[in-house]
Structure formats: structure tokens, C-alpha cells
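The values are calculated or read from the model by the stated rules, or taken from the named source; none is laboratory data. Here the structure is a predicted model, which means the values were calculated and not measured. Here the Cβ is made from the backbone with ideal geometry for all residues, glycine too, and neighbour counts use every protein chain on show.
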Ligand code: SF4
């Protein structure tokens, strides 16, 4: 437990490194809904939309004009819209020539067009933050996709990278450096990653 967050052991014990060449960015499609948005993110999307429009497909632009730039989901609150029904790709995703789904926000961010990378829920996945329903504490869980994320688990083992290490950037973005330091300490891993790799090999 750090601050008001109950953290699953999996976050500090399991290993994970996304392998996009194998999964093709499957977490951007076929979910229960689009990407969940934090309370301030719908406004950020409105602000960024015209700048990221050139990164979208024609079908996505048409869908956004029909549904809106974000939609309300009973279970998840505000989420990004998806093409067609809820089983399809996020409207802000686009396949590249290798068939990998790329996020329009992230592409625009890397091109220096916008300063916001993407919704924090996408950035943190496969870590999921479950908000407390009764005001007690929030939960941080590790919930990779069973099939699509399997290569990432294999790659994580191979490279000896723990879930929280792989997600250092979004964890600091969301909770701050102090939280990350506390998480690192709580993990009991004073040993640096290079040393651990040596031991494991
Ligand atoms: S979280 Fe899973 S599905 Fe998404 S990019 Fe990483 S490995 Fe692929």
C-alpha cells in the first residue's frame, strides 16, 4: 500500500515488455470499450483534435463526426469512441504498413505537434487503476491480455524487466517521482537491473 493505493504484487514481481511486432498493438482494439479517460482528458482531446486530425483515417474522422470526440460508457465513464461497434479499433488508432496500430496522439507527440502523449490509461496499460467505489482506497492491478500480451511476458522474462520498470514513465507521469521511488523501495529491489540481468543469465 502506497498512499491511498493498494498495489498488486504482480506489478513488482511479474516481467513484461511489449512486443509490438507480435501483438500489433492489440490493446487498441477488441476491448470492452474505447480507452477510459481521466476527468480532464476530454477537454484535452477537444483542444488537440484539429492538430491530430491529419493522423486519423477517413473512417475515423467520419465516426468522430457522428459519435463525438469521446463517448460515455456506463461501466467506464468517458472513453474514446471506437469504429463501428465496441469490439473494433479506437478511432484514434491507425494501422501502419506493418499492420501495427499506432496512436494518433502519440504520433503527433513524437512529431512535436502536441505536448500530450496519449490518455494515461493507454500509457499505463497493462496496469489498470481501479477507483475505490466506497472511498477507501484505489487499486493498481496488472491485467495483460491473455493471448495478445503473451509475447510481452516472454520478452519481459528474456530481458528481465519487471512490470513497474517497463511502465516507469507513465507511473511517474500519473503519480509522480516520489511515488515511483516508494514503489521501487517497496519492491525490495535495491539491486540495479543490470546486476539482476547478470544474476539471471
Ligand atoms: S499492452 Fe499487450 S496488446 Fe498492448 S501493446 Fe503491449 S503487448 Fe501489445
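Of note:
- Residue check for residue 62: within 16 Å of the ligand (Cβ to nearest atom) and farther than 22 Å from residue 168 by Cβ: no
- One residue from 11, 17 being within 16 Å of the ligand (Cβ to nearest atom), assigned to a loop (DSSP other than H, G, I, E, B) and under 20 Å from residue 141 (Cα atoms): 17
- Search result, residues across segment 129-179 that are assigned to a strand (DSSP E or B), surrounded by fewer than 15 Cβ atoms within 10 Å (Cβ to Cβ) and within 14 Å of the ligand (Cβ to nearest atom): 141
- Of all the criteria given as (1) more than 21 Å from residue 131 (Cβ to Cβ); (2) within 16 Å of the ligand (Cβ to nearest atom); (3) at pLDDT below 95, the one not satisfied by residue 33 is (1).
- Hey, residue 45 modelled with pLDDT of 95 or more, buried (at least 18 other Cβ atoms within 10 Å of the Cβ), closer than 13 Å to residue 104 by Cβ and over 21 Å from the mean Cα position of the chain (by Cα) or not: no
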